[in-house]
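These notes are about the structure you will find just below.
The values are calculated or read from the model by the stated rules, or taken from the named source; none is laboratory data. Keep in mind the model is a prediction, meaning the values are calculated, not measured. Cβ: placed from backbone, ideal geometry, glycine included. Neighbour counts: every protein chain shown. Just so you know, the surface numbers come from the protein's heavy atoms only, side chains and all, with ligands and any DNA or RNA stripped out. Shrake-Rupley method; radii C 1.70, N 1.55, O 1.52, S 1.80 Å.
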Amino acid sequence: MTSSTESKPTKMQQALHQQDASLDELSAGMDRLKNTTQAIHEEATEQTRLLGGMEGEADEAQSELDADIALTQARIKEDKSVWKLQLIVVALSALLVLILFQGLFG
């Protein structure tokens, strides 16, 4: 009878075998979790790098926009000054014409 008992696994051996199988499944799950976590980390690192590049480009674009706005404002002031000068030239020309007419007819 001892030979038949030796060929049948005992409850303890079955429990150990089942525990080993559970640990193997747990280990495989942990490996999958580790791989997923590494992939997420790599993706987050890449996204951070891309966002950093975009931030620099946005800063550069903002600087260019600020410079364009300042240039436009300066040109608007210039246009107002030119308009005033043109008005003065017209007024002086009219005054000159009046003086000439007064000198000729007066």
Practice task
Could you tell me whether any residue of segment 6-18 is surrounded by 10 or more Cβ atoms within 10 Å (Cβ to Cβ), at pLDDT 90 or above and within 39 Å of the chain's Cα centre (by Cα)?
Solution key: no
Practice task
Of the numbered conditions (1) within 45 Å of the chain's Cα centre (by Cα); (2) open to solvent by less than 100 Å² (accessible area, probe 1.4 Å); (3) modelled with pLDDT under 85; (4) of a type outside the set (S, T, N, Q), W83 fails exactly one; give the number of that condition.
Solution key: (2)
Exercise for the section: Please find, among A21, A28, A44, A58, the residue that is surrounded by 10 or more Cβ atoms within 10 Å (Cβ to Cβ), of a type in the set (A, V, I, L, M) and either modelled with pLDDT under 90 or not in a helix (DSSP H, G or I) (or both). Expected result: A58
